[in-house]
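A short worksheet on the structure shown next.
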Amino acid sequence: MLGILDRYILREVTKVFLAIILVLVLIVASLMFLRTLEEVNVGGLGVDVVFLYLRLQLLRDASSLLPPAFFLALLVTLSRLSRDSELIAMNACGVGPPRLYLIFLLLAIPVALITGWFALDLKPRAAAGIQEIRLQQQGQAAQIAGLQPGRFYVEEQGEVVVYIGEIDRRKSLEKVFILDRRGGTTRLVVSDRGAHRIEEVTGDHLVALNRGHRFDGQPGSGAYLVGDFEEYLIRIPGAGPAKRASTKRATTPTADLLRSPELGDRVELEHRIAAPLAIFTLVLLAIPLVDPSPRQRASGRLLLAFLAYFSFFNLQRLAESWLETGVTPSWLTSFWYQFAILAFVQLVLLPENAWIKRLRDWRPGSRVARAEGA
């Protein structure tokens, strides 16, 4: 049964955690809303799906927000308790690191369960919803890769240049100019009208022009082939197979990933599991990063906490990339970075960590152990 001190610490951490989550959600939602409005402005997204698209994005990214928010909540709460000398008082009463670990792990369990629900269930469903909206909007798109009327679109390292003068209300292209240098021959194509669509299988952009003129030849020579056409189709490469495979894995249900023998699916599964697992790892990481004594200078530990925070989440991408490309063996999994960060922080703080000294003094049958058990 939880005592008064346990409930007090849990209440303090919970309040800070909820406040940080609220601030992070507001910041992330604002940034997403601005990016969504930009897509609406260039015609890549319909006005009628803006709020649905925004909600799906928040659900998709929620599992990525909870671990850092929980870590910051622990650091803020422990720092406040240290500043007010409450951690020193707890030590004097026999409440040391083992008790704090137990309290924080009790809070970490429901947070990890919620994070796991977001990561394993809601995230792939939200990603599938976003992909469905994208496919629907691509069918209605009147521009190529975000091209606005009156601007040039350059692809294939300058080999293909497309210019669209106007886009009417029916999403048709007008006053189209295409310069295609691929294949050793320069082709200049102009047309008053055209249409654009994206091929679902390959993701390539297809521009179909109607009743225009084509000029084939080499600049500087007089040998040009001039002709008229009723319909002209040009293909511009879009999303490659790797990108489409990554998108497909993000929308794959977790149950299907569990049954899949492919290494890429395993990496995606471990990526989802890493979020709830990080909750427990960050609990073990946060307590040593705060010195219980308010007289100690905290700048070094704050710098180490900042370094550990960014290294933790950046190394996750590196570990997953190494596993997928075969740099690390499959038995190592992609979770090794969590244990590496824990070991690094403990080694750095080992000579001066008061919590670790307290752990050395905590032995079964000792005065400290008897006081904590009381």
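The values are calculated or read from the model by the stated rules, or taken from the named source; none is laboratory data. Here the structure is a predicted model, which is why all the values come from computation and not from measurement. Positions of Cβ are backbone-derived with ideal geometry, glycine not excepted, and every protein chain shown enters the neighbour counts.
Tabulated data for the structure shown
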{"item": "Given (1) closer than 18 Å to F70 by Cα; (2) modelled with pLDDT of 85 or more, index of the condition A305 fails", "result": "(2)"}
{"item": "Any hit, region 35-55, residues being under 18 Å from the mean Cα position of the chain (by Cα) and in contact (Cβ under 8 Å) with a residue 40 or more places away in the chain", "result": "yes"}
{"item": "When residues of region 262-302 are limited to those that are closer than 19 Å to P67 by Cα and of a type in the set (G, A, S), the one modelled with the lowest pLDDT", "result": "A286"}
{"item": "Residue within region 336-351 that is free of Cβ contacts under 8 Å to residues at least 12 places away in the same chain, in a helix (DSSP H, G or I) and more than 21 Å from L282 (Cβ to Cβ) present", "result": "no"}
{"item": "Residue match in region 204-214 (condition: at pLDDT 75 or above, more than 24 Å from E39 (Cα to Cα) and in a loop (DSSP other than H, G, I, E, B))", "result": "no"}
{"item": "Pair list, Cβ < 8 Å and 6+ apart or interchain, from region 311-329 residues that are in a helix (DSSP H, G or I) to residues that are loosely packed, with under 14 Cβ neighbours inside 10 Å", "result": "S321/V327; L323/L263; L323/S330; L323/L332; E324/L263"}
{"item": "Any hit, region 309-322, residues being exposed (fewer than 14 other Cβ atoms within 10 Å of the Cβ), charged (D, E, K, R) and modelled with pLDDT of 60 or more", "result": "yes"}
{"item": "Breaking point among (1) surrounded by 17 or more Cβ atoms within 10 Å (Cβ to Cβ); (2) over 21 Å from F229 (Cα atoms); (3) at pLDDT 80 or above, for Q143", "result": "(3)"}
{"item": "Tabulated pairs, region 112-132, first within 13 Å of E268 (Cα to Cα) and free of Cβ contacts under 8 Å to residues at least 40 places away in the same chain, second among the small types (G, A, S) and in a helix (DSSP H, G or I), C-beta under 9 angstrom, 6+ apart or interchain", "result": "none"}
{"item": "In region 247-292, residue surrounded by the fewest Cβ atoms within 10 Å (Cβ to Cβ) [restricted to those that are in a helix (DSSP H, G or I), without any contact (Cβ under 8 Å) to a residue 40 or more places away in the chain and touching a Lys or Arg at 6+ places or on another chain (Cβ under 8 Å)]", "result": "D265"}
